[in-house]
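Reading through the structure tokens given below for one structure.
The values are calculated or read from the model by the stated rules, or taken from the named source; none is laboratory data. Computed from a predicted model, the values in this text were never measured in an experiment. All Cβ positions, even for glycine, are placed from backbone atoms using ideal geometry, and neighbour counts span all protein chains on display. The protein model used for the area step is the full one, side chains on, heavy atoms only, and it has no ligands, DNA or RNA in it. Shrake-Rupley method; radii C 1.70, N 1.55, O 1.52, S 1.80 Å.
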Amino acid sequence: MRYASAEVRKQFFIDMFTRDISLEDCVLDLIGNSLDSYLLKHAISVSELIFGPDATNGARKPGRIDVTCTENQIKVVDTCGGISRERAMKDVFCFGHDEDDPVGKLGAYGVGMKRALFKIGNKFDIVSRTATEGFEVSLNLQEWAEKKEWKIPITFVEGADSEAKAGTSITITELHEEVALRIREGGVPRNILNDAATTYPYFLDRCVKLRIDGNDVPPRPIPFGESDGVIRAAREKFEQSNVKVTLAASVAPGQRMAEQAGWYILCNGRVVVDANKDDLTGWASDLASFQPKYRSFVGLASFESDDPLRLPWTTTKRDINRESGVFIRARSLMATMSKPILTFLNSQYPSDPNAEVGDIRDAVEGVQPVSFRDIASRSPSGFLYTPPKKKAKTNDWVRFQASITSLDKVRHHVRRPSLSASDVGKLAFDHYVKTECADD
């Protein structure tokens, strides 16, 4: 028996491995690794972050993550606990997780850090320290790619001496030409700040403080709204294949831009899909095509699992695997939950120009903020709109047709030739009430 070579050539692997991810998403993956370290160190569950109290646990000091971005280097430094020597030796630099490795909540495939390092620059230096031990790695990617073995040199160093100082520093230099060019053009740090704020709203300020080039990154929560006794959000939940799914949909409070509307999809608390309005979440197929009148719509689908590989995200964590069984089931429910909300929003714009829509528009404008946690804590139910009790009508329309000759006679009689037809009708009606109904 002869065997043909099927080895992976390093340079080809590196080129293909980094092709389909943006610079910003690479940095988000590095931030995600820091978050994961903090969650593992403090044994924090995703459910605690999403559905727990808003306040940070006072017994736990928040970690810090600092990102700096220049045309010469990108650096990520955290105080999130560090990486043990054992994990560094056996798992961290492997492509894919070992089945015995304590997998985090935000890293499913074991490729994020390596892909980011390879994508950004030719040289990287990593120093990571727990309270008791540490290690260093320095690598020149071009030199490493020329060698056949897949091993990475590592040096053991002293620990941080305290839990407060324990953490990891990643410095990437000799930036690839296209990366340096993008940074020189401007906007990359701002993009990272905006993306981090919308990608990690359930982590920022709850377990870590994040800064990009010295600027604090506040979370941007996904807004939900209800109106007491008038509008109530839809809510569903189920569990399948060890994945817990929680769905909520409603109208959002305040003035909304169309860009903010749509479905948000979370995998273990990370926002994977942001304000989606296309076929992925049922728009233009199970639902109507998105229109500006739906700008108040907001839906959130949260997928949670202790085994991140069971979640429906892709390796870039910026899209959803449409063939995932748990997502297919969720998508059907998402469409069902959306329909009555879109019907409600449609009713603000009736085909009859004389239809009364004041109560509906008042209900939308009167929506107040409510948290996803509060909606998720309730029993499953559909979207509910309860119109307020109608006030007794004091006015109504009077419509009739009259000949032009008759209208002109009235205009001539009252010596007001410019009176409109409606004014003539009102004048005649008022005269009749005054003269014929005075005694009633």
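What the table below lists for this structure:
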quantity: Percentage relative contact order, the stretch 109-175, counting C-alpha pairs under 8 Å, at least six apart; calculated: 43
quantity: Added length on full extension, which subtracts the Cα-Cα distance from 0.36 nm per residue, Ser289 to Glu177; calculated: 36.2 nm
quantity: Shape box of the stretch 224-385 [Cα atoms, principal axes, largest first, Å]; calculated: 54, 30, 22
quantity: Protein accessible area in the chain, 1.4 Å probe - carbon and sulfur %; calculated: 50
quantity: Calculated [θ] (222 nm, deg cm²/dmol) that DSSP helices of n ≥ 4 give over the chain, each run adding -39,500 (n - 2.57); calculated: -9000 deg cm²/dmol
quantity: Accessible area, probe 1.4 Å, largest first, for residues His413, His42, His431; calculated: His413, His431, His42
quantity: Selection from Val414, Ile14, Pro219 lying farthest towards where the dipole of the chain points positive, charges on Cβ; calculated: Val414
quantity: Answer label for Cα Rg over 2.2 N^0.38 Å (calculated), chosen among (i) 1.06; (ii) 1.37; (iii) 1.16; calculated: (ii)
quantity: Long-range HN-HN contacts of Phe224 with modeled amide H, under 5 Å; calculated: Val370
quantity: Under the span-like rule (Cα at least 15 Å along the axis, Kyte-Doolittle mean at least -1.0), DSSP H helices of the chain; calculated: 23-42, 188-199, 325-346, 421-436
quantity: Solvent-accessible surface (1.4 angstrom probe) belonging to Met89, in square angstrom, nearest 10; calculated: 110
quantity: Contour minus Cα-Cα distance for Trp150 and Asp307 (0.36 nm per residue); calculated: 53.8 nm
quantity: Relative contact order computed over the chain (Cα-Cα under 8 Å; 6+ residues apart), in percent; calculated: 15
quantity: For Gln240, residues with placed amide H under 5 Å, excluding near neighbours; calculated: Val245
quantity: Extended-chain gain in nm, criterion 0.36 nm per residue less alpha-carbon gap, Ser347 and Asp362; calculated: 4.2 nm
quantity: Links that overshoot a 20 Å alpha carbon limit, given the list Lys41/Lys75; Lys75/Lys114; Lys61/Lys165; Lys75/Lys123; calculated: Lys41/Lys75
quantity: Burial order of peptide ranges 420-429, 63-72 (average beta-carbon count within 10 Å, highest first); calculated: 63-72, 420-429
quantity: Per residue, in Å², the accessible surface of the chain once ligands and nucleic acids are set aside, probe 1.4 Å; calculated: 54
quantity: Neighbour cut-off at most 13 other Cβ (10 Å), DSSP loop, chymotrypsin sites (Phe, Trp or Tyr not before Pro), the stretch 263-325; calculated: none
